[in-house]
Amino acid sequence: MISIINSFLEKIGFKNAEDAQMKVSAVVLCYNGERYLRDRISSIINQTSKPDEIVFLDDASTDKSLKLAKKILKSSKIKYRIIANWCNEGCARQIIRGINESKGDFVWIAEQDDYCSDKFLENIKKMYKDDTTNVYFCKSIPVDERNNKLAHYYSDEKELPDDFCADGKSFVENSLCIKNTVYNISSVVFKKNALKGVEKYMKQFKVFYDWIMYVYALREGKICYCSTVLNCHRRHNESIIAKYRRSSFYYEDLFCLKNYILDNFTISEENMDSMLFEVYREYSKCGSENDKVTDIRKHPYLGEKYKELQNKINERR
């Protein structure tokens, strides 16, 4: 009888209670993540509002990550799949695979060394009203290897306001165009359809594959934010940011991202100036490995990239 009623409601445009909920696939990315993996997976399976499935992707780990994941997931009542690579492909390609393999309408990319509150998905789902929102995220704080809060990270950043839902394009044009204000991908749930085609751009990035995902997904639709701290992301010497922050890859990604935004969004003159200044400021703060140049404008290679971005901005004034 229930199925007949639901069928009738669907025909006249209503969704049944089950379909009206967010169907979420949790995609766990792992490469030699044994040290933090128990915390990561446990924080997923202990959610008060469970994900519909867990897709565990192992990128050819050489430690005991795969064995540990199998043991923990086997004890869970959540549907799961384990996909193990024979050779290492890198984080961006693993995310692309996770998106393609997921069966949910929404995708939660859960990185191996992060963890979250048991109420993460419950709070994310509370923001779900209709299908017009492409990105949901919560406040995330950085922690060290021992789960101690790192107060010095983002100390110079402006806090996002209280809970909000906003137009996606506006959020890019006034926030994400300047700096990445979505601090950690593990704090984000994406509408899967909003990421269709993103792999074309993600493959160009070694560092900011997460940032391009946010920007790409927000070409249309809305973004919703929960200001409660529900996610912890780890900062340590083996993280991607730590490895690449002073490399040429880091700045090449930054220029590539800024150019994509300029080509696909309408940025005000003030914010274009801020975009350019933020690149200058970032280099002044971090510098480049094996290089004593402190001004990016004087760098033999990156200086040309900076000038190209500056010229593009001037053309759009």
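With a requirement of 3 or more residues that are under 21 Å from the mean Cα position of the chain (by Cα) and outside the structural domain of F208 (by TED's automatic domain parsing), the helices (runs of 4 or more DSSP H) lying completely within region 242-317 that satisfy it span 248-264, 269-286. All conditions in (1) modelled with pLDDT under 90; (2) in the same structural domain as D39 (by TED's automatic domain parsing) hold for C226, with the sole exception of (1). Quick one: is I82 crowded, with 22+ Cβ neighbours inside 10 Å and free of Cβ contacts under 8 Å to residues at least 40 places away in the same chain? So I82 fails the test.
Results for (1) in contact with a helix residue (DSSP H, G or I) (Cβ under 9 Å, 6 or more places away or on another chain); (2) at pLDDT 95 or above, shown as yes or no for each residue.
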site	(1), (2)
N193	no, yes
Q204	yes, no
H236	yes, no
S247	no, no
I267	yes, yes
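Look at region 100-119: where a residue is under 12 Å from C232 (Cα atoms) and a partner is aromatic (F, W, Y), sitting 6+ places away or on another chain with Cβ atoms under 9 Å, you get Q112/Y31; Q112/Y36; D113/Y36; D114/Y36; Y115/Y36. Of all residues in region 176-188, those that are under 13 Å from Y209 (Cβ atoms) have Cβ atoms under 7 Å from Cβ atoms of residues that are of a type in the set (A, V, I, L, M, F, W, C) and part of a loop (DSSP other than H, G, I, E, B), 6 or more apart or on another chain, in V188/V182.
Going by what's in this entry, would Y115 be described as closer than 17 Å to G168 by Cβ, at pLDDT 95 or above and crowded, with 23+ Cβ neighbours inside 10 Å?
So Y115 does not fit the description; no.
Would you check if F190 is farther than 20 Å from I99 by Cα and in contact with a strand residue (DSSP E or B) (Cβ under 6 Å, 6 or more places away or on another chain)? Against the criterion (farther than 20 Å from I99 by Cα and in contact with a strand residue (DSSP E or B) (Cβ under 6 Å, 6 or more places away or on another chain)), F190 does not qualify. So, in region 52-79, how many residues would count as being buried (at least 22 other Cβ atoms within 10 Å of the Cβ) and over 22 Å from G90 (Cβ atoms)? Matching residues across region 52-79 total 0.
I'd like the full set of residues that are farther than 18 Å from N134 by Cβ and part of a strand (DSSP E or B), limited to region 178-232. Listed by number, the residues that qualify are S227, T228, V229, L230, N231, C232.
Residues in region 114-142 that are acidic (D, E) and out of contact with any Ser or Thr (no Cβ under 7 Å at 6 or more places or on another chain) were compared, and the one that is farthest from G90 (Cα to Cα) is D130.
May I ask you to list the residues in region 207-221 that are in contact with a Lys or Arg (Cβ under 9 Å, 6 or more places away or on another chain) and either assigned by TED's automatic domain parsing to the domain that holds T266 or of a type in the set (A, V, I, L, M) (or both)? Listed by number, the residues that qualify are V207, A217, L218. Against the criterion of being buried (at least 18 other Cβ atoms within 10 Å of the Cβ), in a loop (DSSP other than H, G, I, E, B) and among the small types (G, A, S), S49 does not qualify. Which one of these is closer than 25 Å to V279 by Cβ and surrounded by fewer than 17 Cβ atoms within 10 Å (Cβ to Cβ): L160, L176? Going through L160, L176 in turn, the sole match is L160.
All conditions in (1) exposed (fewer than 15 other Cβ atoms within 10 Å of the Cβ); (2) over 25 Å from W211 (Cα atoms); (3) polar (S, T, N, Q) hold for N100, with the sole exception of (2). Return yes or no: is A166 in contact with a Lys or Arg (Cβ under 9 Å, 6 or more places away or on another chain), assigned to a strand (DSSP E or B), of a type in the set (G, A, S) and assigned by TED's automatic domain parsing to the domain that holds K50? So A166 passes the test.
The values are calculated or read from the model by the stated rules, or taken from the named source; none is laboratory data. In this text, all values refer to a predicted model and were calculated from it rather than measured experimentally. Here Cβ is always computed from backbone atoms with ideal geometry, including for glycine, and neighbour counts include all displayed protein chains.
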